[in-house]
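The structure under discussion appears below in the form of structure tokens.
The numbers here are math on the coordinates, done by the rules we state, and not lab data. Quick caveat, the model's predicted, so the values are computed rather than measured. Please note: Cβ atoms are built from the backbone with ideal geometry, for glycine as well, and neighbour counts cover all protein chains shown.
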Amino acid sequence: MRRTAVLAGVVFLVVGCGSGGTSQLTVGAARPFGLAGFTPTRFSAGKPTRLSFTIDQPSGKPLTSYRTGPGPHTGVHLIIVRSDLGALIHDHPPVGADGRISETITLPTPGRYRVVVDAYPNLPGPLRNFQLFRVITVPGTAPKVGLGPFRRTAVVSGYRFTLTNRPRLKAISPAFLTLDVVRPDGTPATFTPWFGALAHAIFFRSGSLDYFHTHVCSAGMTGCTSILGSTRITGRATKPGQLRVGVLVPVPGIWRLFLQCKVDRRVLTAPFTLTVR
Ligand SMILES: [Cu+2]
């Protein structure tokens, strides 16, 4: 288990909506934020299991106050990815008055899962959010689903996501992917806000499982910008059935984009393989 150094009141290399696994560099000797009472770290495949933890502040007290309001940058985001990037869970669990965070999670198959706790504390100062990490193991033989090459189209439950062109992506350089999303009957999809955004773009790097997260928001929606160093990016829904997704990742490599949106009352997760130079 890697304990990420996230220190209070110091300068961050990476803030905003995500980060590489251990690329949050901080200067100082204070005690970091950390996960406490994280349990269990072993699940059974397919069995709903209550996961719970608190986030301890540098003072040692549990963090109980998180950002609220419109947009996706509130509360605690729980993102769990299987190490082959073949399965993803994204949830915004409730926070108890004592700071305890609990959610019932079902991990679909055996394997090793990386847990990302992306927290938006309601604290004074420049700290917007930070990530803490754990591993959950599900005993058994893990499926090995290859990422596959870049493909312009992903079909999820009959809904078709198509990139309008082949992206040219570079680390730390913001770029946009334009996607058309059509229903099984061929009509343009309409997006319902879900967890504060019209779409969530969750990026994990193959192998290292570095993480970044951007959002697509409608015009006028606030609190939606992702920040990497001094770079900012906000995606937009430009016309019916179309998403303009911001891409901003910290390091080169093969990345998987999980594009999530809610259409016709169902949450769809469309996977894309992206090469970042
Ligand atoms: Cu999100």
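The mean sequence separation of alpha-carbon pairs under 8 Å and at least six residues apart, normalised by the residue count of the stretch 108-238, gives a relative contact order of 14 percent. Considering only Thr141, Thr54, Thr164, the mean-square fluctuation computed in a Gaussian network model of the chain, springs between alpha carbons under 10 angstrom, is largest for Thr141.
Of the residues Ser52, Ser83, Ser230, the one that moves most in a GNM of the chain with alpha-carbon contacts below 10 Å is Ser230.
With Cα atoms defining each centre, the stretch 122-146 and the stretch 162-192 are spaced 26 Å apart in the structure.
Taking a straight line from the alpha carbon of Lys239, these aspartates and glutamates sit under 12 Å away, with near neighbours fewer than eight places off in the same chain left out: Asp180. Here's how it looks for Asp210: its modeled amide H is under 5 Å from those of Gly21, Arg205, which are all 5 or more places away or on a different chain. Here the relative contact order of the stretch 210-253, from alpha carbon pairs under 8 Å that lie six or more residues apart, stands at 39 percent.
Neighbours of Asp98 by Cβ distance under 14 Å: Lys/Arg scored +1, Asp/Glu scored -1, total +1. Taking other C-beta atoms within 10 angstrom as a stand-in for reagent exposure, Phe212, Phe258 fall in the order Phe258, Phe212, fewest first. Summing Lys and Arg as +1 and Asp and Glu as -1 over all other residues whose Cβ lies under 14 Å from the Cβ of Leu85 gives a net charge of +4. Work out the P(r) tail for the stretch 29-128: percent of alpha carbon pairs separated by more than 23 Å, whole number. Above the 23 Å cut-off, the stretch 29-128 has 30 percent of its Cα pairs.
Where the alpha-carbon atoms of the stretch 150-275 are placed on the principal axes, they occupy 39, 32, 22 Å, in descending order. For Ala142, the shell of other residues with beta-carbons less than 10 Å away shows a net charge of +2, using +1 for Lys and Arg and -1 for Asp and Glu. Put simply, the chain fits an ellipsoid with semi-axes of 28, 22, 19 Å; these come from the alpha carbon gyration tensor as the roots of five times its eigenvalues, largest first. For a straight C-alpha distance cut-off of 18 angstrom, the aspartates and glutamates reachable from Lys170 (same-chain residues fewer than eight places away being disregarded) are Asp210.
In terms of surrounding Cβ atoms within a 10 Å radius of their Cβ, Asp56, Asp185 rank from fewest to most as Asp185, Asp56. With contacts taken as Cα pairs under 8 Å and at least 6 residues apart, the chain reaches a relative contact order of 19 percent.
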